[in-house]
Amino acid sequence: DAGVIQSPRHEVTEMGQEVTLRCKPISGHDYLFWYRQTMMRGLELLIYFNNNVPIDDSGMPEDRFSAKMPNASFSTLKIQPSEPRDSAVYFCASREAGGPFEQFFGPGTRLTVL
Amino acid sequence: GEDVEQSLFLSVREGDSSVINCTYTDSSSTYLYWYKQEPGAGLQLLTYIFSNMDMKQDQRLTVLLNKKDKHLSLRIADTQTGDSAIYFCAEIHSGAGSYQLTFGKGTKLSVIP
C-alpha cells in the first residue's frame, strides 16, 4: 500500500481565498483523522470520521472550516475564507478499527495564507 | 491542562544514549505510543507499549512504562545523526466506543556529531 496520500504538499494562498486539502486513507482503514500542527499549539485533532461518517468535529476552530468524506477512499478539508492564522501543516491519518489503534500519518500539507 | 507532557529539547552526542521522557494523565490508557517526525515529513510510529507491560525492546529502542507514576520513556541506544527528529509521546483515550490519541508537544532531539 502507498500509505496515506495527501495533496497538495504545499499551498500558498491569499487571505480570503478558499483552500481545499485532500486525503486518501490507507485502503481498508475505517477511521480517518484531520490534524493541524503549529509551533504554538502542537498537534491538534480537528475532526475524525468512522466509516465515512463524521464522529467528532469539536476540534474544528470555527465555521470557516469544513470536512467531508464522500467515500471510503477520499476526504477533503476546506477552509473558506482562509486567514493568515490558518497557516500550519495539516495532516491526515487513518487506522483500522481494532487495537492497537495505531494511526498512520500522511506527509502533510503545508498551508501558507498571506 | 496538558494531558501529555514532554520536555521540548534534548541534545546528545553521537554514540551516546538518548532518553526522552513523557508523563501522561489518563490511568486507563491501554496503549502508549512513540512517534518520530523528521523535518518536512509526517509522524511515523516508532513503537507502542501495552499498559500491562513494563518494558518493550526493539533493536536500539527501549520503552519503559511506570504506570504508578504515569511515566513513559524512550531510550535510543548508540544515537546516530539520523535519529535527529521530533519525538512525540501519545496516549489513547476511549470514549463513546472509539479510541483517540492525545499527543504531547514533542521533544526535539539534536544529535551532535
Based only on other Cβ atoms within 10 Å, what is the fewest-to-most ordering of B:31, B:87, B:99? B:31, B:99, B:87
Taking the Cα centre of the protein assembly as shown as the origin, how large is its charge dipole in debye, to the nearest 20, when only Lys and Arg (+1) and Asp and Glu (-1) carry charge on their Cβ atoms? 220
Name the residue from B:46, B:21, B:10 whose Cα lies farthest towards the positive end of the charge dipole of segment B:1-60, charges +1 on Cβ of Lys and Arg and -1 on Cβ of Asp and Glu. B:46
In sequence order, calculated HN-Hα J values of segment A:15-25 (Karplus, 6.51, -1.76, 1.60; Hz; x Gly/Pro): 3, x, 7, 8, 10, 10, 9, 10, 8, 10, x
With each label point set 7 Å from Cα along the Cα-Cβ vector, what nm distance links residue A:40 and residue A:87? 1.2
Computed about the Cα centre, the charge dipole of chain B from +1 Lys/Arg and -1 Asp/Glu charges at the Cβ has a magnitude in debye, to the nearest 20, of 80
Apply 1/(1 + (r/R0)^6) to the Cβ-Cβ distance of residue B:14 and residue B:61, taking R0 = 22 Å, and write down the FRET efficiency to the nearest 0.05. 0.85
For the protein assembly as shown, go through all pairs of different Cα atoms, get the mean of 1/r, take its inverse, and jot down that Kirkwood value in Å. 18.3
Going 7 Å from the Cα of residue B:3 toward and past its Cβ, which residues in segment B:58-87 have a backbone nitrogen under 17 Å from where you end up? B:70-72
Environment charge at residue B:91 (Cβ cut-off 10 Å; Lys +1, Arg +1, Asp -1, Glu -1): -1
Which of these, A:89, A:12, A:53, has the largest mean-square fluctuation under a Gaussian network model of chain A (Cα springs below 10 Å)? A:12
Total charge of the residues flanking residue A:89 in space, meaning their Cβ is under 12 Å from its Cβ, with Lys and Arg +1 and Asp and Glu -1, is +1
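Loop sites only, by DSSP: take the GluC sites (Glu not before Pro) in chain A that have at most 14 other C-beta atoms within 10 Å and name the longest stretch containing none of them.
After excluding every exposed loop site, the longest remaining stretch is A:63-114.
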So what's the gap between the Cα centers of segment B:53-107 and segment A:54-86, to the nearest angstrom? 29
Residue A:22 versus residue A:74: modelled label distance in nm, points set 7 Å from Cα along the beta carbon direction: 0.8
Chain B: most fluctuating residue of B:100, B:59, B:80 per GNM, C-alpha cutoff 10 Å: B:59
What does the net charge come to around residue B:38 if you take all other residues with beta carbon closer than 12 Å to its beta carbon, with K and R at +1 and D and E at -1? +1
Whole-percent pair-distance distribution, where bins are 5 Å wide, for the alpha carbons of chain A: 2, 13, 24, 26, 19, 10, 4, 1, 0
Most fluctuating residue given options A:54, A:25, A:100, as computed from a GNM of chain A linking Cα atoms under 10 Å: A:100
Using the structure shown, list the pairs from A:68/B:36; A:78/B:67; A:68/B:56 with a Cα-Cα distance above 30 Å, or answer none. A:78/B:67; A:68/B:56
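We did not get these values from a lab; they are worked out from the coordinates using the rules stated. Keep in mind the model is a prediction, meaning the values are calculated, not measured. As a convention, Cβ positions derive from the backbone with ideal geometry for all residues, glycine included, and neighbour counts pool all protein chains shown.
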